[in-house]
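Read through the structure below, which is laid out as structure tokens, and then see the notes.
The values are calculated or read from the model by the stated rules, or taken from the named source; none is laboratory data. Because the structure is predicted, anything quoted here is derived from the model rather than measured. All Cβ positions, glycine included, derive from the backbone under ideal geometry; neighbour counts span all protein chains shown.
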Ligand code: AHG
Ligand code: MN
Ligand code: MN
Ligand code: MN
């Protein structure tokens, strides 16, 4: 099986970008180890703090953030970082080329039940001559990503990565610490009979989403004339990994539960990297009727609607909004 560096170099990936990805993966291997140790490494449970989004931080959210932040800022490859667990962007090497946005640990509510969690990251180039301390360097649409991926800490630790030349899956060989290519050129089936949504929010969704999901639930005697299965892992990394593995539609739609927070998922470090991976695998990733990666961000912790996955099913869902 092939290791990640030769695969990326063959694609024409610049050496400094490869080194940056490997820097991120070094932190992820450490996170993978701590997650695997569970109770034994004393990392389960919550801290007494909240992040800027009003969520209680888990110990593993804070630890994963610190590991990634330190290694990235010390690497010399990174001009600035933006993280779910940091209130503001943090400046790194003033002359460095890259900026990195990340969700250090996605699926926090799964930590204490020994269930799926992961790390999501997105890499862009900083504008020429820009100031490392200026947060507006992150205000670029997802189309500008030069690489994006996630590391899933499941029964095996897996990496999904794209540098714009398709999406590939790698599995961490824990005996020698290498990510080995285990699926070349992921292709999401265009048709599906599986959907993922937090059904408990149903009454808060907008009418088109209510109608769309109702038609899926109606099964083979309803307007779709087929039965749909439902899955919800409560960690976007897990749900998107299933979509990359066997297709499906995943959505966290706009809702009216909290008028101050109509959307849950964050554009820079959740929606954009997942959209890049999904589009590179032949799927679609939409928010408010437009491709997620075309959205011009206006804040680092901006939240967006997410509808992604199998092409024909996402299009079907969108047709309810017309
Ligand atoms: P995070 O743990 O990084 O804050 O993200 C959690 C997100 C996402 O991973 C998942 O799809 C969603 O929250 C789960 O939401 P519910 O609590 O509504 O199931
Ligand atoms: Mn969180
Ligand atoms: Mn998350
Ligand atoms: Mn998180």
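Go over the candidates 127, 155 one by one and state the one that is under 20 Å from residue 43 (Cβ atoms) and either more than 16 Å from ligand 4 (Cβ to nearest atom) or buried (at least 24 other Cβ atoms within 10 Å of the Cβ) (or both). Even if it seems obvious, please write down each step before you answer.
Values: 127 fails: under 20 Å from residue 43 (Cβ atoms).
Selected residue: 155, the only one of 127, 155 that is under 20 Å from residue 43 (Cβ atoms) and either more than 16 Å from ligand 4 (Cβ to nearest atom) or buried (at least 24 other Cβ atoms within 10 Å of the Cβ) (or both).
For the range 262-271, does any single residue satisfy the condition of being within 16 Å of ligand 2 (Cβ to nearest atom), part of a loop (DSSP other than H, G, I, E, B) and more than 14 Å from residue 160 (Cα to Cα)? Quick ask: steps written out before the conclusion?
Looking only at the range 262-271, we keep the residues that are within 16 Å of ligand 2 (Cβ to nearest atom), and these are 263-271.
Narrowing further to those that are part of a loop (DSSP other than H, G, I, E, B): 263-264.
Adding the requirement that they be more than 14 Å from residue 160 (Cα to Cα) leaves 263-264.
Yes, some residue in the range 262-271 is within 16 Å of ligand 2 (Cβ to nearest atom), part of a loop (DSSP other than H, G, I, E, B) and more than 14 Å from residue 160 (Cα to Cα).
Per-residue answers, yes or no, for (1) more than 18 Å from residue 18 (Cα to Cα); (2) exposed (fewer than 15 other Cβ atoms within 10 Å of the Cβ); (3) touching a helix residue (DSSP H, G or I) at 6+ places or on another chain (Cβ under 6 Å):
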position	(1), (2), (3)
176	yes, yes, no
184	no, yes, no
189	yes, no, no
205	yes, no, no
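Which of the residues that make up the range 213-255 are within 14 Å of ligand 3 (Cβ to nearest atom) and part of a helix (DSSP H, G or I)?
Listed by number, the residues that qualify are 236, 237, 238, 239, 240, 241.
Which of the strands (runs of 3 or more DSSP E) found entirely inside the range 45-116 contain at least 1 residues meeting this: modelled with pLDDT under 95 and under 20 Å from the mean Cα position of the chain (by Cα)?
Numbers: elements: 46-50, 56-58, 78-83, 98-106.
So the answer is 56-58.
Please determine whether any residue of the range 154-171 is within 16 Å of ligand 3 (Cβ to nearest atom) and in contact with a strand residue (DSSP E or B) (Cβ under 6 Å, 6 or more places away or on another chain).
Kept after step one, since they are within 16 Å of ligand 3 (Cβ to nearest atom), are these residues of the range 154-171: 154, 160.
Checking which are in contact with a strand residue (DSSP E or B) (Cβ under 6 Å, 6 or more places away or on another chain) leaves us with 160.
Yes.
Residue check, residue 89 against (1) touching a strand residue (DSSP E or B) at 6+ places or on another chain (Cβ under 9 Å); (2) within 16 Å of ligand 4 (Cβ to nearest atom), all met but one. Which one?
All conditions pass for residue 89, except number (2).
Cβ-Cβ below 6 Å, separation at least six or inter-chain, first residue in the range 49-65 and over 18 Å from residue 116 (Cβ atoms) and assigned by TED's automatic domain parsing to the domain that holds residue 82, second within 9 Å of ligand 4 (Cβ to nearest atom) and assigned to a loop (DSSP other than H, G, I, E, B): which pairs?
Pairs found: 51/85; 57/51; 65/85.
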